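Asks: Can you keep this structure in mind? I'll have questions shortly.
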Amino acid sequence: NPITELPPEIFEVPDMLYLGIGSTLINELPRNVTNLSPLLSFIYITDTNVSFFWPWIDPLVESKLNMPRPLLMGGSTYCAELENLTSGEATSFSVLPSPEYSTMLMDPSEENRDVVLHTVNCEIAYAAAFYPIALEDANSAIA
């Protein structure tokens with residue numbers, strides 16, 4: 001998918017539960033999401049180059065701590081770095097620490113690790129295509 005940048009408005013659709021933005025060429029999520037959809041429950045950010053989060057994601061993280069992991073990120077740069085942190089190969093994320101980033105997802109400390117691991121799902125199975133277009137084409141193609 002050739003998409004390289006996302007508008008903040010896609011995260012602000014009032015009745016949206018799932019957002020699939022995986023398998024795109026994005027390097028980051030929009031910086032300024034001012035009115036995050038209150039119903040948004042799962043974001044598929046699989047197979048992307050996203051390696052950090054802006055602070056607008058923190059309310060989503062906080063509101064979903066009692067749910068299954070809302071950020072599906074298998075195959076992402078963030079998950080590769082998280083694996084290095086959990087295995088002890090690294091002690092920080094590759095981006096320089098900044099107060100402009102999410103305090104919940106960019107804190108590499110052991111004390112914060114449970115929050116990150118409860119929020120981010122790095123299973124590679126979720127990196128599969130979000131929509132089975134090949135199957136749809138086989139079933140609905142004009143002969």
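Coordinate-derived values only; no laboratory data. In this text the structure is predicted, and so the values were computed from the model without any measurement. Neighbour counts run over all protein chains shown; Cβ positions are idealised from the backbone, glycine included.
Asks: Label points 7 Å out from Cα along the Cβ direction at residue 138 and residue 112: separation in nm?
Replies: Rounded to a tenth, the inter-label distance reads 4.4 nm.
Asks: Can you tell me the length gained on complete extension of the stretch residue 27 to residue 63, counting 0.36 nm per residue apart and subtracting the Cα distance?
Replies: Once the chain is fully extended between residue 27 and residue 63, it gains 10.5 nm.
Asks: Suppose every K and R has +1 on its Cβ and every D and E has -1 on its Cβ; what is the size of the dipole of the chain about the Cα centre, in Debye to the nearest 20?
Replies: Here the size comes out at about 140 debye.
Asks: Something else about it: Considering the dipole of the chain built from charges on the beta carbon (Lys and Arg +1, Asp and Glu -1) around the Cα centre, which of 142, 29, 41 is farthest to its positive end?
Replies: Positive-most Cα among the choices belongs to 142.
Asks: So what's Rg/Rh here for the chain, counting alpha carbon atoms and using the Kirkwood radius for Rh?
Replies: 0.99
Asks: Further question: Suppose every Lys and Arg Cβ carries +1 and every Asp and Glu Cβ carries -1, with no other charges. What dipole size does the stretch 1-83 come out with about its Cα centre, to the nearest 20 debye?
Replies: Magnitude of the dipole: close to 120 debye.
Asks: How high is the relative contact order of the chain? Use alpha-carbon pairs under 8 Å, at least six apart in sequence, and give a whole percent.
Replies: 23 percent
Asks: Still on this model: Per residue of the stretch 107-119, what does 6.51 cos²θ - 1.76 cosθ + 1.60 with θ = phi - 60° give for ³J(HN,Hα)? Whole Hz please, x for Gly and Pro, Karplus curve as stated.
Replies: Running phi through 6.51 cos²θ - 1.76 cosθ + 1.60 with θ = phi - 60° gives 8, x, 5, 4, 4, 9, 4, 4, 4, 5, 5, 7, 9 Hz.
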